[in-house]
Amino acid sequence: MELLFLAVLIGLMAAVLISGYPVAFALPGSAILSILFAAACGYVTTGNTDHYFVHGGPTEWLSSGVTNLRGVYWGVERDTLIAIPLFIFMGMMLQRSKIAEDLLVAMAQLFGSMPGGLG
């Protein structure tokens, strides 16, 4: 039965990717749908949604997810994570001021003739 769930996951993932959905939505979406399919099959066959899962199932994951919300908040509240939005902000400022384009043109002139260069 586990091979059926794996085949559903791979088939659904391939179908969604071929249909043109972005990878960022196709992979987790197909994983969530295949987990729901496995839970539904477990509920229909045995009356237990955790039947086809090794370490608990969706009901246990939901209860542990609620208790772990506090740990997620404290893990995100670090000063080093401020670098991520600042790095994105720096990239946007470089793009809008055309400095990034000038930098790429200069690098293409310097390294364009070399193998693996920008030109």
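The values are calculated or read from the model by the stated rules, or taken from the named source; none is laboratory data. Note that the coordinates shown come from a computational prediction; the quantities given were computed from them, not determined experimentally. Here the Cβ positions follow ideal geometry from the backbone for every residue, glycine too, while neighbour counts run over all protein chains shown.
Worth pointing out:
- One residue alone among 18, 84, 10 is at pLDDT 90 or above, loosely packed, with under 10 Cβ neighbours inside 10 Å and in a helix (DSSP H, G or I), and that residue is 18.
- Unique residue being at pLDDT 85 or above, assigned to a helix (DSSP H, G or I) and farther than 30 Å from residue 105 by Cα when the list is 91, 71, 42, 29: 29
- Residue count for the stretch 22-56, restricted to those that are farther than 15 Å from residue 2 by Cβ and crowded, with 17+ Cβ neighbours inside 10 Å: 3.
- Being more than 16 Å from the chain's Cα centre (by Cα) and aromatic (Phe, Trp, Tyr) is a property that residue 37 has.
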